Amino acid sequence: MSSPKNNLHEQVKLHRKNVFLEFLGSMNLAISILVVLAIASVIGTVLQQNQPYNSYIIKFGPFWHEVYQTLGLYDVYSAVWFLVLLGFLVLSTSVCVYRNTPVMLREMRQFRLRAKQKSLLSMKHSSHWQVDAAKNTKEYILQKAKLYLGQFGFQVKDEAFEKHHTLVARKGGINRVGYILTHVGIVVICIGGLIDGNLSLKVKEWLGTIKVEQRDLTAKDVPAISRLKPGESVSFRGSITLPEGSTSNFVFLNVRDGYLVQELPFAVELKNFRVEHYESGQPKSFESDLIIHDKERKNFAATISVNHPLIYRGYAIYQASFGDGGSELDLQIRPFFVKPLKGNKAQQLAIKGEVSKSKTVKTPQGNYTLEFSDFKKFNIFPNTDKDSRKQFTNYGPSIIFKARDESGQAREYVNYMSPIKLEGRYFFLSGMRESVDQDYKYLHIPIDANATMERFFKFHEIINDDARVLQMARATVASNIKAEDKTNTKMQQQVATAMVRLVGLFRKGGYVAIDKDIQAKVPKEKQLTVARAYMGVLQTALENMYLLVLREEGLDVIKGISKRDGTFFEDAVSAMAGLGYYGTPFYLQLTDFTQRDASGLQIARAPGKNIVYLGCVLLIIGVFMMFYIAQQRFWLMIVREDGGENFDIIFAGNTNRNEFGFNKRYRLFAEQLKALLTDK
Amino acid sequence: MSENILPQQFQQQSWVKHLTIFDWLYAVAMLVGCVYAYNEYASYMDEYEIGILFLTGASLVGLGWAWKPFRLLFIIVAALSLIAINIYNPAMQALASEGITGQTAIDVLTDDSEKSKFFLKFLISSTSATMWMSALFFMATITYFIELFGRSEFAGKVATAMVWSAVTMGLVGLMVRWFESYLVGSDVGHIPVSNLYEVFILFAIITAMIYLYYEVRYETRAMGGFVLLIISASIGFLLWYHFDKGASEIKPLVPALQSYWMKIHVPANFVGYGAFALASMIGIAFLIKERALRKNPAGLLASRLPATDILDDVMYKSIALGFAFFTIATVLGAMWAAEAWGGYWSWDPKETWALIVWLNYAAWLHMRFTKGWRGAPMAWWAVIGLFVTTFAFLGVNMFLSGLHSYGEL
């Protein structure tokens, strides 16, 4: 097939002047760059980018870390070699456009009337027939052919030659413009992207005029060499977390394993941050009410939300994230030990906390540092109702904190403010885990009739009071002993001591501690019997102490206790059995809070954006032109040999797209023209 | 003047004159539908969404005029969807008076209780319609191969009818799901292109529609089995996702997805994915045909599969279509990212893989246009392209983390 494309290449070859340009504009180079760029891009997605260097060292070891870092693999897309590749792509595309455009424009304008008879006959779509010269004139044939082809939207032109007359109908030359638009589009996009890239920053860093800060400093302490004045960088994308009521006139730019401070020509104040939730507890919307303080202009208020940024003076302010901005917490420390906390006669101590701050608590077991990491006003979880239908329940506010002991060991806790209903009973829940990858293990503290923890702690206090335990043990032994043993004080003493010891073991480590004790001291064959006996004794002891609690509350326990009080006992005992593993020697109860949200804002400046969009539009228009507008050309050559009785008609056509559809059209045209021209 | 000289039979009528009364009725119905939707729901839409509504109407008119069978498809889908809505509306009101609303009420109407509605339960609730679509696609796959190897023209016609029916049910499923999402909660409602389950349905429908267009255009059903294989694979995934993961549950949108951009970005992307997938399956048919011609030119495969130049042409057209729409989708995605994430390009894994897919097919097209590459190498390349595309579509969500984490498994 002799396509205009091949012809084009011929022409291009004639214009070859410069080997270097030839190389730059060559298809092989362009394709190679495309492939290498694709592979480089894959690396950037497989190797997580811009992580802290420490995590890379752990992952790859110091040697490979060094290699990867040198190759720029941690930030592939702004590595020098990647930018150079992009540069080559732009260059190659530009050269290609530069070289081909004149040829293509000429090609678009040309009708190619001078095609030779031979070449027309050798075309893929070609046919010829004869018309009686006696009945038709050349002019009449031409006129009919022009009218026929013209009605399909073809441009028609004809020219008389020495021995023949050629008519050319052409259409879709704009296909060539498609080529130009796509390639110019790519160049424009890359230029826009370059403006918005961090090239200027890289150069400044390389020149040493700026230095990435790696220390954890507050913004005002960051030295001038790590600060960028407003307008100093053409484009940037930084972020800042603003607690409600605070104002900032800078953002942080994350650069590799450090950051820079980018100053803004205005200040942003966060008045209010709102989160709305779906019924399922999923966030529905995040909104920040901002006030922009600008010395040069009037202050004004604006609200931004996800997908609805504020564009101001070429800076775009986005709602990016949210968090706690330092909610104030009122807390009660409820100790799991008997002696009151220092300087406080009460059995509990009120403290104040603030999210993202910490507080130290002194206990007989040493100091504990409480690091408050988060506060949640809602905790909505799915569960099923009585008809096993899915529903959502809000479990109310919670705090998350870490308690760090003197050796630096920390455990993480989540404590709910309000009692939570589980299997028909209400509990105060506190989850504990030793590391972040574990699930929380929960402590369930049952509530008393007043929906408080008072009874539990009263019960706990008695169990932990050695004097009262001994007193209770003696009383229990005395009341339960058989008549014949009444005089055996030694034995009574022994049983009471055993009871006290068992309660002591239970206090320390619950049933597990007792079990360990049996395994260590009792021969194997007797363990089961002893365990049963121990459990009986312990149960009696705990029950009697619980009755003391009830009596102190003023309840009449002679006639037995209510079912509810019975359940409380069981729940309380199982909670206490687990206390030895809870970690902190106190329970931290959230009693009140003042929530303070923080909004994560992203502030960006991208002056190249509109250039990129322009390039995109060119690209899209060009792609459609190239694919869907086929360049079609038909030749009709009329030849009359000297003195011949007929006109020889040669009809040929070619296209550069959609050969399949063109073939149909060619056959229709050939058939109709034949009928039309030989008509009469 | 042409009228004077060219005999009637040679006169070319303009395309407008080729339009039938049915074409015009279809266009009028579309306009009425758009105006009705505008009147009814304009207060819930922003100006962009109103623009999208009317542009969609115009595009559907254009599509129907250019591809006539689409008109009937559209009418049937619209009718079935409206029937579903009209069954839902009074039934939901009745349940609401008993205090049953939302997803629970939809479940009651489509489950085994005595309150369930027959047509919803068995035919046109979104879940049932989607199941019908799945079954029809599976059956069509088998039937196409019966046609191919059994030389049964009847089987071929049945297979084509099945694909049309599957597309119909799939579209009804999506339309009704759209409506159901508003029944779940007025703040939950959204166009069903927001998660992996929904876009898998979209993928199957779009791929099938592109195939149906080429089936008529090239007057061959021999490609059907191959194309339906990839559709069946996606349906297999869809069913696993539905039954094993409960993915069909309608969930509210995270804030980042609450944007008119989703309505255009996602469908454009799936025209791209669908076309690329189709091209790869045609590539496989091409390779089989070529091998058959070499090994056993008189054999069944060599004689039944379409000519290699037809397969080559379909493969090219499909990749060109995919490339054009994928370009649009990526640009729209960049514009959305600029609004939602604060930058039009962040080298997020999904973005980067979209670029890789784009570069891959750009290279493919360059080889064809400028080097004139045809045949087996291009077919192999199209098949490899499917793996690249699949990774961009699924692999990124499964193996890489990033901003674009809506379609997580």
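The rows are residues; the columns are (1) closer than 24 Å to residue A:543 by Cα; (2) under 38 Å from the mean Cα position of the chain (by Cα).
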| residue | (1), (2) |
| --- | --- |
| A:398 | no, yes |
| A:426 | yes, yes |
| A:436 | no, yes |
| A:445 | yes, yes |
| A:475 | yes, no |
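Could you count how many residues in region A:272-300 are aromatic (Phe, Trp, Tyr), within 14 Å of another protein chain (Cβ to nearest Cβ) and more than 13 Å from residue B:187 (Cβ to Cβ)?
So the answer is 2.
For region A:622-680, what are the residues that are under 18 Å from residue A:134 (Cβ atoms) and in a loop (DSSP other than H, G, I, E, B)?
Scanning region A:622-680 gives A:640, A:641, A:642, A:643, A:644, A:645, A:678, A:679, A:680.
For residue B:194, are the conditions met, namely being out of contact with any Lys or Arg (no Cβ under 6 Å at 6 or more places or on another chain), within 14 Å of chain A (Cβ to nearest Cβ) and among the hydroxyl-bearing types (Ser, Thr, Tyr)?
yes
Identify all residues within region A:37-55 that are more than 9 Å from chain B (Cβ to nearest Cβ) and open to solvent by less than 70 Å² (accessible area, probe 1.4 Å); write none if there are none.
Across region A:37-55, the qualifying residues are A:40, A:43, A:47, A:51, A:53, A:55.
Is one or more of the residues making up region A:279-288 surrounded by fewer than 20 Cβ atoms within 10 Å (Cβ to Cβ), over 15 Å from residue A:243 (Cα atoms), modelled with pLDDT of 90 or more and in contact with a Lys or Arg (Cβ under 8 Å, 6 or more places away or on another chain)?
yes
Applying the selection to region A:305-338, what residues are of a type outside the set (Gly, Ala, Ser) and without any contact (Cβ under 8 Å) to a residue 40 or more places away in the chain?
A:306, A:307, A:308, A:309, A:310, A:311, listed by residue number.
Test each condition in (1) at pLDDT below 95; (2) open to solvent by less than 50 Å² (accessible area, probe 1.4 Å); (3) not assigned by TED's automatic domain parsing to the domain that holds residue B:164 for residue B:47 and report the one that comes out false.
Of (1) at pLDDT below 95; (2) open to solvent by less than 50 Å² (accessible area, probe 1.4 Å); (3) not assigned by TED's automatic domain parsing to the domain that holds residue B:164, only one is false for residue B:47: (2).
Of the residues in region A:56-77, how many are free of Cβ contacts under 8 Å to residues at least 40 places away in the same chain and within 12 Å of chain B (Cβ to nearest Cβ)?
Qualifying residue count, region A:56-77: 2.
Can you confirm whether region B:142-153 contains a residue that is charged (D, E, K, R) and either in contact (Cβ under 8 Å) with a residue 24 or more places away in the chain or not assigned by TED's automatic domain parsing to the domain that holds residue B:213 (or both)?
Scanning region B:142-153, I find at least one residue that is charged (D, E, K, R) and either in contact (Cβ under 8 Å) with a residue 24 or more places away in the chain or not assigned by TED's automatic domain parsing to the domain that holds residue B:213 (or both), so the answer is yes.
Can you work out which of the residues in region A:146-179 that are more than 20 Å from residue A:672 (Cα to Cα) and of a type in the set (Lys, Arg) is farthest from the other protein chains (Cβ to nearest Cβ)?
Ranking the candidates gives A:163 first.
Going residue by residue through region A:558-566, is there one that turns out to be open to solvent by less than 50 Å² (accessible area, probe 1.4 Å) and either within 14 Å of chain B (Cβ to nearest Cβ) or part of a loop (DSSP other than H, G, I, E, B) (or both)?
Among the residues of region A:558-566, at least one is open to solvent by less than 50 Å² (accessible area, probe 1.4 Å) and either within 14 Å of chain B (Cβ to nearest Cβ) or part of a loop (DSSP other than H, G, I, E, B) (or both), which makes the answer yes.
Give the residues of region B:347-387 that are surrounded by fewer than 20 Cβ atoms within 10 Å (Cβ to Cβ), among the aromatic types (Phe, Trp, Tyr) and within 8 Å of chain A (Cβ to nearest Cβ), sorted by residue number.
Within region B:347-387, B:347, B:369 meet the criteria.
Are any of the residues in region A:85-99 closer than 30 Å to residue A:157 by Cβ and open to solvent by 60 Å² or more (accessible area, probe 1.4 Å)?
Among the residues of region A:85-99, at least one is closer than 30 Å to residue A:157 by Cβ and open to solvent by 60 Å² or more (accessible area, probe 1.4 Å), which makes the answer yes.
Considering only region B:111-118, I want to know if a residue exists there that is surrounded by 18 or more Cβ atoms within 10 Å (Cβ to Cβ) and assigned to a helix (DSSP H, G or I).
No, the conditions are met nowhere in region B:111-118.
What's the number of the condition residue B:107 fails, among (1) surrounded by fewer than 18 Cβ atoms within 10 Å (Cβ to Cβ); (2) at pLDDT 90 or above; (3) over 29 Å from residue B:212 (Cα atoms)?
All conditions pass for residue B:107, except number (2).
Scan region A:586-612 for residues that are in a helix (DSSP H, G or I) and open to solvent by 40 Å² or more (accessible area, probe 1.4 Å) and report the count.
Residues flagged as in a helix (DSSP H, G or I) and open to solvent by 40 Å² or more (accessible area, probe 1.4 Å) within region A:586-612 amount to 3.
Inside region B:313-344, can you point out the residues that are facing chain A (nearest Cβ under 7 Å) and not in a helix (DSSP H, G or I)?
Answer for region B:313-344, where residues must be facing chain A (nearest Cβ under 7 Å) and not in a helix (DSSP H, G or I): B:342, B:343, B:344.
Looking at A:537, A:530, A:512, which one is modelled with pLDDT under 90 and under 53 Å from the mean Cα position of the chain (by Cα)?
After ruling out the rest, the residue left standing is A:512.
The values are calculated or read from the model by the stated rules, or taken from the named source; none is laboratory data. Because the structure is predicted, anything quoted here is derived from the model rather than measured. A quick note on method: Cβ atoms are made from the backbone with ideal geometry, for glycine too, and the neighbour counts reach across all protein chains shown. Accessible surface is based on the protein model in full, side chains and every heavy atom, while ligands, DNA and RNA are left aside. Shrake-Rupley method; radii C 1.70, N 1.55, O 1.52, S 1.80 Å.
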